[in-house]
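A short worksheet on the structure shown next.
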Amino acid sequence: MKAVFYNRYGSPDVLEVGELEKPKINETEILVRAHASSVNPVDWKIRMGGLKILTGNKFPKGLGGDIAGKVVEVGEGVTGFAVGNEVFGKISGFKGNAYAEYVVAKPEDLAQKPENLNFNEAATIPLAALTAYQALVTRGELTKGSKVLINGCSGGVGHFGVQIAKALGANVTGVCSTKNVALAKELGADKVIDYTKNNVTDKKEKYDLFFDVVANQSYGKIKPILKKKGKYVTTLPGVGVILNSITGLFSSKKASMINVKSNPQDLQLITEMIENGKVRPIIDKIYPLEDVREAHRYSETGRVVGKLALSIK
Ligand SMILES: NC(=O)c1ccc[n+]([C@@H]2O[C@H](COP(=O)([O-])OP(=O)(O)OC[C@H]3O[C@@H](n4cnc5c(N)ncnc54)[C@H](OP(=O)(O)O)[C@@H]3O)[C@@H](O)[C@H]2O)c1
């Protein structure tokens, strides 16, 4: 089968597209003929060797966590999925090999693909939208009327965050650069702060929840703009957040990190929001799998608007 692999950690140039053996499933697994994947920053962090402690030094390695495709084989012990189902989901990025024609998934990694999305669109959803949902709802306990700020609201996680928070009835302030202000408003943000003109922590506004996907300021600077029982949730924890989880036990304000997990119930809720027209993926570019190096180079700029899809023919 056609797949992306690499034989050493390094720049995008270490990525190769070639033939690998088609994987086999056991009785608890599902084999998906993938039609698309998507690029998430964690993919290039892994490729660079930044998570070596988790990914080890055994090569060749595959890459990628997001998949969208058709079920072609179902293990005997699996229920809820059948050959021919169109599915999407997220496999473990650390063992990841979703940039491939055939991908082995566990039933809990997958859900039926939203009917109103094609495979490229569907593949951009799982990791980024699950991160946003779990940060806002599971960690951040966002409810109707919550006042939430999303720092980094135009990228993969942030643009889903704005839409999910609005769908759940929150009041949303998004933070992005000038070129993305119009998009943030279009996605539903009630207010947008252009970080090239204003510093969010200089403002007098206070928030129930500060969701941070950029982590360009310390928790110490952000804490004063949280309401009394306000929460700070980040995808990129610094020392302040780690210390707060130990020393902040008696503080009414809480800081925590999100570590996205496969969760079929969460994916199903996201699917409903997509099918109800409340959430849609913004796709900056679609690359054929063969152009994976280019896709990584672009993702590494940190300037992607929405998501990048990898199309697998
Ligand atoms: N812990 C987890 O489970 C988890 C899960 C998912 C992602 N992550 C991490 O979270 C980060 C974000 O992921 P992503 O997929 O959303 O990345 P992305 O698609 O590259 O988006 C990054 C966003 O950050 C914005 N940005 C850059 N500098 C900014 C600043 N000073 N203030 C406000 N916004 C700024 C950019 O917007 P402009 O172009 O307008 O500047 C861009 O929209 C990555 O580091 C990723 O690895 C962690």
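Nothing in this text is a laboratory measurement; each read-out follows from the coordinates by a stated rule. If you're wondering where the values come from, they're calculated on a predicted model, not measured in any experiment. Using ideal geometry, Cβ is built from the backbone for each residue, glycine included, and neighbour counts are taken over all protein chains shown.
With coordinates expressed along the principal axes, the C-alpha atoms belonging to segment 1-114 extend over 39, 24, 24 Å, beginning with the largest.
A Gaussian network model of the chain, with springs between Cα atoms under 10 Å, assigns the largest mean-square fluctuation among Val83, Val71, Val233 to Val83.
Between Lys95 and Glu115, the simple spin-label model (points 7 angstrom out along Cα→Cβ) gives 3.4 nm. Taken as Cα centroids, segment 148-184 and segment 270-313 sit 17 Å apart, rounded to the nearest whole angstrom. With viscosity 0.692 mPa s and temperature 37 °C, the Kirkwood radius over alpha carbon pairs of the chain converts through Stokes-Einstein to a diffusion coefficient of 165 µm²/s. Basic side chains Lys and Arg get +1 at the Cβ, acidic Asp and Glu get -1 at the Cβ, and with that the dipole of the chain about its Cα centre reaches some 1500 debye. Hydrodynamic estimate: the Kirkwood radius of segment 128-257 over Cα pairs, inserted into Stokes-Einstein at 10 °C and 1.306 mPa s, corresponds to D of 112 µm²/s. Among Arg303, Arg33, Arg280, the residue with the largest mean-square fluctuation in a Gaussian network model of the chain, with springs joining Cα atoms closer than 10 Å, is Arg303.
For Ser177 and Asn26, a Förster radius of 41 Å and the Cβ-Cβ distance give a FRET efficiency of 0.30, rounded to the nearest 0.05. Residues Glu76, Glu205 in ascending order of nearby Cβ atoms (within 10 Å, fewest first): Glu76, Glu205.
Nearest 500 deg cm²/dmol is fine: what mean residue ellipticity at 222 nm does the chain get from its DSSP H runs of n ≥ 4 alone, each adding -39,500 (n - 2.57), divided by its residue count?
Details: 10 runs with 77 residues, N = 313.
My calculation for the chain gives -6500 deg cm²/dmol from helical runs alone.
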